[in-house]
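**Q** Below you'll find the structure I mean.
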Amino acid sequence: MYSAIALLLAGGGILWFARHAAESRSEREVLEHAETTSALIADRLQASDFAAPVSNSRRTELDDLFAPLLGGEVVRVKLWSENGTITYSNDASLIGAHHPEASVAGAFAGMAESEIGGLNDDGGGAGENIKVLSAYVPVRLGGSQQPTGALELYTSFDEVTADAMATVKPVAVALAIALLLLYASLFPILRQVTGALEARTRKLQQQSDELEKTIGERRQALASLREADARYRALVEELPLVSYVSALDTPGFSSYVSPQLEDMLGYTPEEWLETPGLFWDVIHEDDAERVRNEHRIGYANAETFSTQYRMRAKGGRVIWVEDQIRVIHDREGKRALAQGFLIDITARKNTEIALTENEARFRGLVGNIPGVVFRCDIDSDWTMEFLSDPIEELVGYPSSDFIDNRARTFASVIHPDDRAGLEAEVASSVADRKAYTTDYRVIHRDGSVRYVIERGQAILAADGRIRLDGAIFDVTDRRLAENERLKLAGIVESSDDAITSADLDGIVTSWNNGAERMFGYTAEEMIGQSGEILVPEGEKLDPTARIAMVVEMGEGRFEATRRRKDGTLIDIAVTMSAVCNAAGEVIAVAAIAQDITDRKRVEQERAQFTRELEVQNERLLELDRLKDEFVALVSHELRTPLTSIRGYLELVLDGEAGKVTDEQRQFLGVVERNANRLLDLVGDLLFLAQIEAGKLTLEVGAVDLAAVAAESVETSRPLAEEKDITLTLATSPLPLLAGDRARLAQLLDNLVSNAIKFTPEGGRVDVRASSARGNAVLEVRDTGMGISADEQEQVFERFFRTSRATEQAIQGTGLGLAISKAIVHAHGGQITLASNEGEGATFRVVIPIRAAKPRTAEQEEIAS
């Protein structure tokens, strides 16, 4: 019992000691943190911050400065003047309060002190009056050893208590365990507790040593930082620009500006910083809104950006500046502030404006020149230094394409046949030091050719290089007009037609070579003579009367007979046109005469031949009609005996005429098959005869085309299996079709049997029935021998058989596809073929589903 009491007393003492030691350590840490904070922010504080209560704008800046400290252990911050006045606090209600009794004397003596109390013990303030640990530390500005003011940080005492509890808790747990195990192991537990306390003490001592080392390193780092900051400021303030630091949430409000500001704008850094918003007052009103948007966007994107704008100096002078801004981030990557540089670019900007104005005047002058002005190097590419905009109209490419050969060279648009001549002309001009004028062709972007004249001269440029200055003029219209005139003159002189002109009295004024050849008179013989010498006796309308008619109507066309110089008569066709002067008055007539003597003769012969041909056509039509009647008659006469033969064959095969041996049955089977073939042939001939006679009729009804296709496939399946051919059918839902079921079945039977017939063993035949866009679609595709391209247009003709079918002696009459086409067309549809020789064939039939009624005759199609 006594041992337990002693242990409890000892434990209580140990707990008190440990808690006291932890609280003392926490107080030291708070003081050290306050000293470190004072050293870190000393360069951001000003002497005026401790002289009197700060202004609202300065309080906003200090709020931003101390914001990172608050929220956690530190709950309040104050700046004190030496007379005990609170010049700043994050609690604005305390600013200006005077407390002479405050414990700041030690801080102004250069010592850091702390005390425990309530948050609002000094008589005011917002928030709950919690228990806090206050730390007072001196603030030294500008490297001075004498404190300028005092900084007070309030740290929540709960954090100190929590740290002490963290230290005491393990000891308390150990003591509790020791009491529980007291009777079992009293002394080992005491030794364990003592060891734990010693270990904790050693750990606390080690932490204290490490903390002192860290504080030393931090102080050294602060000293290095101050030295680096001083060097940076010295460097920045020597640069020919103004540097500044600005808050991100208030663009234009600076927390620092370099002294060069006074040389640039006439404002001292103090005036600038003490006048919030001065930046927006001196910026040119025409640029302010744009600059606001650029700053807002740049800050929001956290990027480096630059802009140019105008500012008004203190004396009213306008200067141009280039503003280069960079957004600075803190250690956590968050946007902290903006750092920028203002560079005076007034001289450069004035030069640019002057150059722009001069260039505008130059381009205006050049734009009035009816051609392309250029300056280029004398090289194989004619590398352009300047090229005026009309070049785009001339060659179809903008001038920018040619400058420094960015997209193409000027040589590339010169006609290949003219490049060598142009180079030689320019080289000769440069050698003789004289101007040159030359013509050549250029190729427009659309492929057309343009004619140009170039005038230029070599000049010595400012860089000492010889270049060409000149102009290019488009003379395409003039050249084409000249070419047309020459071409027209050539045509007139080389024409076989007689091209002449005469005045209003009929006196010949021009006479070409064609007129000489046509009439036998030379130009010397006819010019100045009346055209009446060509008129034979008995002509009812003389040339003078025809001229009067042309003057009245503007033109005239007629045929006439004229007498040649040798007395022979020729027939001519004449076109006469009125010739007007600039005032629109008719002053002459022009005539083009063609010798139509041969044409007249040919026309007479053609008329005679046409009459004879009509007689022959009538005879051929009669023969064709007789042929059709003959085919129909023969087919009918063949069908009657064939029907009788087939009937008696069935009786014999059924044993009606006595027992038939196997050999006889075999022979009779051959007879029956050939009789059936012959009967089918007769049926096909009769069907074609009906078509050509225009007597094909359809028994129209509602037809299920898919069912017809299925029946046709099943009918043909035994034949396909005989040849080991895979026969497939695929159908999709089809509406009922208005058509002749029997004829459509005949169509499918023809196509499927043909496909099987021309497909070798082991092949494949696919039948498809579907609908598309209001049409029924049938496809029969095989893997057979195919049809050559030059024979595909003939496959639907009567009695046509492909060369390969003939070579391989494949049975057939050549009527099946002709009949199939007739059936399809009678239903208002179309049949087409797609095939490659050796790769099979596909026949495709398209028949309208909603046709009101299919056509009942094929005559028009066959005739076409």
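The values are calculated or read from the model by the stated rules, or taken from the named source; none is laboratory data. From a predicted model like this one, the values you see are computed outputs, not experimental measurements. Counting neighbours? That spans all protein chains shown, and the Cβs are built from the backbone with ideal geometry, glycine included. Just the protein is used for accessible areas: all its heavy atoms, side chains included, with ligands, DNA and RNA removed. Shrake-Rupley method; radii C 1.70, N 1.55, O 1.52, S 1.80 Å.
**Q** Excluding L65 itself, what net charge comes from residues whose Cβ is under 12 Å from its Cβ, given Lys and Arg +1 and Asp and Glu -1?
**A** -2
**Q** Now, a different point. Going by accessible area, probe 1.4 Å, with all protein chains left in place, what is the ranking of D432, D379, D505, largest first?
**A** Putting D432, D379, D505 in descending order of accessible area: D505, D432, D379.
**Q** Report for region 692-795 the percent antiparallel among DSSP-assigned beta bridges with both residues inside it, nearest 5.
**A** 65 percent
**Q** Could you put F66, F558, F341, F253 in order of accessible surface area, largest first, with the 1.4 Å probe and the full protein assembly present?
**A** Result of the area sort, largest leading: F253, F341, F558, F66.
**Q** Considering only C-alpha atoms, what is the centroid distance from region 440-459 to region 334-350, in Å?
**A** 49 Å
**Q** Please calculate how many Å² of accessible area region 363-467 carries per residue, with a 1.4 Å probe and no DNA, RNA or ligand atoms counted. Walk me through the intermediate numbers first.
**A** Values: 5620 Å² over 105 residues.
That works out to 54 Å² for each residue.
**Q** Right, something else. Under a 1.4 angstrom probe, counting protein chains only, how are H284, H329 ranked by accessible area, largest first?
**A** Values: H284 15, H329 80 Å².
Ranked from most to least accessible, the order is H329, H284.
**Q** Is there a quick way to get the dipole size of region 283-338? I mean about its Cα centre, with the Cβ of Lys and Arg at +1 and of Asp and Glu at -1; what is the value in debye to the nearest 20?
**A** Its charge dipole is roughly 200 debye.
**Q** Here is a further query. How much of the accessible area of region 296-342, probe 1.4 Å, is carbon plus sulfur, in whole percent?
**A** Reported share for carbon and sulfur atoms: 45 percent.
**Q** Further question: Roughly how much of R764 is accessible, in Å² to the nearest 10, using a 1.4 Å probe?
**A** Around 100 Å² of this residue is reachable by solvent.
**Q** A further question follows. If you roll a 1.4 angstrom probe over the protein chains with everything in place, what fraction of the accessible area of region 568-622 belongs to carbon and sulfur, to the nearest %? Provide the component values of the computation, followed by the final result.
**A** On the way: 2140 of 3870 Å².
Carbon plus sulfur share of accessible area: 55 percent.
**Q** How much solvent-accessible surface does K334 expose, in Å² to the nearest 10, with a 1.4 Å probe and all protein chains in place?
**A** Its accessible surface works out to 120 Å², give or take rounding.
**Q** As I understand it, the dipole of region 286-363 uses +1 on the Cβ of Lys and Arg and -1 on the Cβ of Asp and Glu, about the Cα centre. Which of H329, Y299, A313 lies farthest toward its positive end?
**A** A313
**Q** With every protein chain left in place, what is the accessible area of I533 in Å² (1.4 Å probe, nearest 10)?
**A** Counting only protein heavy atoms, I533 exposes about 80 Å² to solvent.
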